[in-house]
Structures are given as C-alpha cells and as structure tokens.
1. With the requirement that a residue be of a type in the set (D, E, K, R), within 21 Å of ALA121 (Cα to Cα) and surrounded by fewer than 15 Cβ atoms within 10 Å (Cβ to Cβ), what does region 346-402 give you?
2. Checking the conditions here, which among LEU360, LEU372, LEU439 is within 24 Å of ILE242 (Cβ to Cβ), under 25 Å from the mean Cα position of the chain (by Cα) and not β-branched (Val, Ile, Thr)?
3. Residues to consider are VAL339, VAL343; find the one that is within 18 Å of the chain's Cα centre (by Cα), surrounded by 23 or more Cβ atoms within 10 Å (Cβ to Cβ) and β-branched (Val, Ile, Thr).
4. Just the residues that are open to solvent by 50 Å² or more (accessible area, probe 1.4 Å) and charged (D, E, K, R), please, taken from region 219-255.
5. Could you check region 202-218 and list, in sequence order, the residues that are part of a helix (DSSP H, G or I) and either at pLDDT 90 or above or open to solvent by 60 Å² or more (accessible area, probe 1.4 Å) (or both)?
6. Among the residues of region 119-155, which ones are in a helix (DSSP H, G or I), over 25 Å from ALA332 (Cα atoms) and open to solvent by 60 Å² or more (accessible area, probe 1.4 Å)?
7. Filter region 121-133 for residues that are farther than 10 Å from TRP161 by Cα and not basic (Lys, Arg) and give the result.
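The values are calculated or read from the model by the stated rules, or taken from the named source; none is laboratory data. Note that the structure is predicted; figures quoted are calculated from it, not measured. Because the Cβ atoms are built from the backbone with ideal geometry, glycine has one as well, and the counts that use them run over all protein chains shown. Calculation scope for accessible area: heavy atoms of the full protein, side chains included, ligands and nucleic acids excluded. Shrake-Rupley method; radii C 1.70, N 1.55, O 1.52, S 1.80 Å.
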Amino acid sequence: MKNATRPAAQQTAGNSRDAFTSSFGVLAATLGSAVGLGNIWKFPYVTGANGGASFLVVYVLATLLVGLPVMIAEIMLGRQAKADAVTTLRTLAPAGQPWWLIGGFGVIAAFLIMSFYSEVAAWVFAYVFKALRGDILSSDPAVTSAAFGALISDPVQSLLWQWAVLLMIGGILLMGVAKGIEAVTKKLMPVLFLLLLVICARSLMLPGAMAGLSFLFTPDWSKITGEVVLVAMGLAFFKLSIGMGTMMTYGSYFRDDQNIPVTTLRVMSADLFVSMLAGIAIFPAVFSFGFKPEAGPSLLFITIPAVFASMPMGHLFMVLFFVLAAVAATGAMLSILEVPVSVMAGRLGVSRKKATLINLLLLALIGATCALSNSLLADVKPFGMTFFDLFDYISSYILMPLGGIFICLFVSWVWGKGNMAAALSNQGRLANGKVVAGLYVLLKCVTPLLILLVMLKGLGLL
C-alpha cells in the first residue's frame with residue numbers, strides 16, 4: 001500500500017506556485033497562524049486557573065505529544081505536494097482511496113471558524129476605535145459591560161465591522177503569498193512582540209503586580225488532575241491551528257530547504273512566549289486594581305478596559321492593547337481564510353483573485369448569521385445553539401479533532417516511515433533518523449489516541 005503512493009512531482013506544478021521567500025517569512029507566517037486571540041486572554045487565564053507553573057509543564061508536554069506531531073505532519077505533506085489541502089491528499093494517497101476528504105473537512109472547518117472568528121475580530125477592531133475615542137474609558141465594569149452589550153446587540157455595527165475585517169483580510173490575500181501573507185506577517189509579528197513588551201513593562205510597574213505574577217507562575221501541583229491534563233491537551237491541539245488544513249496549506253509554500261521540525265519547534269516556543277507575555281501584561285494589572293481574572297469576552301471586552309482606565313496613562317495603553325489584539329487576530333485569520341481560497345483556486349482552476357472574492361462573498365453571507373447571533377437571530381437556535389456557538393461546536397469539537405486523528409493515521413499507516421524520512425530529509429542534506437523514528441511512533445500510536453480523548457471530552461463523553 002505504501003509503495004502505491006503517487007509522486008507529488010507528477011501531480012503538481014510546484015515551480016509555478018507562489019511561496020514564502022525567506023526563513024523569517026516562513027516563521028512569521030506560521031507563527032501568525034498559531035498566535036491568535038486565544039493567546040491574549042484564554043491561555044493566560046487557563047494557565048492560572050489550572051495550577052500556574054505546574055500547568056505549564058503539563059501543557060508543554062502535551063504540545064510535544066499532541067500539537068507538534070500533527071503540525072509537523074501537516075507541513076510535511078503540504079510541502080511534499082506543493083498544493084492545497086484537498087489536492088495534497090489526493091496526490092499523496094494511494095489511487096482510489098478517499099483520504100482527500102480530510103482536506104475537505106478541513107475546508108469546512110476553516111470556513112465555519114472564519115465565520116465566527118471574524119465577528120470576534122470585528123469586536124476587537126471596533127474596540128480599537130472605541131478606545132481611541134475614549135468611549136470605553138471607565139473603571140466601572142458595569143459601564144464597560146454596557147458598552148460591549150450595545151456593540152454585539154447592534155446588528156448594523158456587528159455586520160459592518162465584520163465586513164470591514166473580511167475586506168481587510170481579503171485585500172491582503174489578494175496580494176498573494178509572498179507579497180501578501182509573508183510581507184504582512186513579517187511586519188505584524190515584531191509589532192506584536194513590541195506592543196506586548198511595552199504593556200508588560202507598564203503592568204509590572206503597578207502596585208500589587210506580584211499578585212498577578214503569582215497567579216500565573218506559582219506552581220500548585222495539587223491541581224494537576226486528569227481533568228487538567230485533558231484541558232492541557234485540548235489547549236495544545238487547538239492553539240496551534242492544526243486539524244483544519246492551515247498548516248498543510250502554509251506547508252505548500254515552504255521552501256525545499258526549510259527544516260520543518262526546527263521551524264515548528266521555534267513556532268511552538270514563540271507561541272508559548274507570546275502567551276506568557278500576554279499573561280504578564282494582563283494579570284498584574286488585573287490584580288493590582290482588584291478585578292477578577294475571568295475568561296472569555298468578559299475579560300477581553302469588559303474587565304480589560306476597566307483595568308486600563310484605572311491606571312495612569314491608561315487611555316494610551318488601552319489603545320495599544322486592542323491594537324495588539326487586532327494584530328494577533330489578523331495573522332490567524334489570514335491562515336484560516338487561505339485554506340478555502342487555496343482549495344478553490346487549486347481544484348476549480350479559478351484565479352486566486354476570483355477565489356478570494358468568492359470566499360469573501362460567501363463569508364459575508366454565512367458569517368452574518370454569527371454577527372447577528374446576539375441581535376436579530378438571537379432566538380434562532382438550531383440544535384439549541386446560536387449560529388455562533390453551533391459553528392464553533394462543529395468545527396472545534398468534531399471537524400478539527402477528526403482532521404488531526406486522520407492526518408496521524410494517514411501519515412503513519414498509509415504514507416509510511418520511508419516517505420516521512422524522504423520528506424523531512426531536505427533532499428538528503430539533513431540527518432534526522434531519530435526525529436523521524438520518534439515522530440513515526442507518536443503519529444502511529446500516541447497522538448491519535450490523545451486527540452481522541454480531547455474530542456470525547458469536548459463532546460461531553462468523558
């Protein structure tokens with residue numbers, strides 16, 4: 001079966017395909033995909049709520065066992081085929097076997113995620129302008145809560161901000177991979193780090209800041225339970241943008257001499273560093289002014305504005321914070337939307353420009369159901385959920401875990417160790433036998449079982 005795999009070179013026109021042009025461009029784009037709004041609020045809170053430094057140890061181990069192997073596998077397959085997620089699996093799978101459906105599910109997952117994620121990003125971009133005008137400059141959470149409620153319940157504002165975000169992302173994608181995605185993320189990632197460092201410095205200067213650091217970094221080994229381990233595995237899987245074709249698509253733009261395992265390790269390390277900086281930026285300030293570190297939109301859109309309004313020069317730092325959040329959201333959205341754009345251009349033979357415009361139009365229509373989930377469509381609840389929650393549930397708890405599991409099974413059981421070694425050898429210039437052997441064992445036995453546990457927990461079956 002493994003010898004029946006068709007050579008990628010016979011199936012794709014890799015030489016004419018747009019690609020990343022530098023190692024830093026590869027790192028910036030891939031990191032931009034992995035870093036998102038979850039790094040700014042969810043990761044720090046989950047870390048603090050589940051044992052601080054002790055949870056970090058579990059999370060890093062979970063990333064090495066769950067997230068990293070799938071990321072390497074996706075990028076490896078994409079680079080080997082030099083094609084979109086569907087074509088990649090049609091090309092590399094034995095003839096007649098429907099492994100391309102993994103790519104199809106990834107496209108659906110990416111589209112559903114983009115539908116609701118673009119609305120959350122819309123709130124962030126709206127808050128940049130609200131912060132600039134001083135509309136949310138209040139230390140009273142009741143005032144900031146009312147401001148957030150007014151935004152999400154206004155159908156006109158919700159739609160217009162979502163469409164503005166989609167147009168911005170679409171405009172970047174229209175410029176192509178090198179001149180669009182790579183060029184933008186190479187500028188955005190340094191800006192993200194700089195903004196984080198500035199906000200961290202200000203937060204650490206506040207009285208009582210050490211309580212916030214203690215919240216994040218004081219180990220509490222008694223909190224490490226089976227439930228916490230499952231939380232860490234789920235976080236490791238979902239935070240790295242895997243299981244929906246993004247890394248496979250970006251992998252198709254990798255240079256042939258790019259060291260995939262080293263690059264993914266750098267992405268993982270930088271992603272963890274961003275999350276830690278976000279925690280240092282947020283929680284010392286939160287504790288300094290006596291607020292509670294609650295997760296979700298309440299922290300990002302209600303607590304954070306009240307915190308910054310309470311500190312000296314808070315107006316400036318509030319603006320910087322929401323610019324930071326907007327930067328994080330932009331890199332993630334570029335990779336998500338690139339999945340259906342790449343598939344449509346590759347499979348239907350349409351131009352990249354036409355594929356981008358078609359996807360923008362579809363997202364403007366379908367994503368509108370998420371934008372209106374807190375207003376006109378608040379009472380429309382298929383399967384007992386709003387469209388926003390339904391799209392999140394289907395993509396996060398069903399399609400993405402299934403994608404991750406089947407990628408593991410395909411690479412290890414169908415594609416095989418020999419093809420893995422060839423794909424990761426960088427044309428024979430690197431000796432990576434131990435890396436291939438370890439990765440093969442993880443993908444064949446360990447990682448799919450762990451992702452299955454994450455899936456069962458997400459579905460409420462564990």
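1. none
2. Of the residues listed, the single one that is within 24 Å of ILE242 (Cβ to Cβ), under 25 Å from the mean Cα position of the chain (by Cα) and not β-branched (Val, Ile, Thr) is LEU439.
3. Unique residue meeting the criteria: VAL339.
4. ASP220, LYS223, GLU227, ARG255 - these are the residues of region 219-255 that are open to solvent by 50 Å² or more (accessible area, probe 1.4 Å) and charged (D, E, K, R).
5. Across region 202-218, the qualifying residues are LEU204, MET210, PHE217.
6. Result: ARG133, ALA142, VAL143, ALA146.
7. TYR127, VAL128, PHE129, ALA131, LEU132
Residue by residue, here is whether (1) touching a residue at least 60 places away in the same chain (Cβ under 8 Å); (2) within 29 Å of LYS130 (Cβ to Cβ) holds:
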| site | (1), (2) |
| --- | --- |
| GLY212 | yes, yes |
| ILE242 | yes, no |
| ASN259 | yes, no |
| ASP271 | yes, yes |
| SER288 | yes, yes |
| LEU299 | yes, yes |
| LEU316 | no, yes |
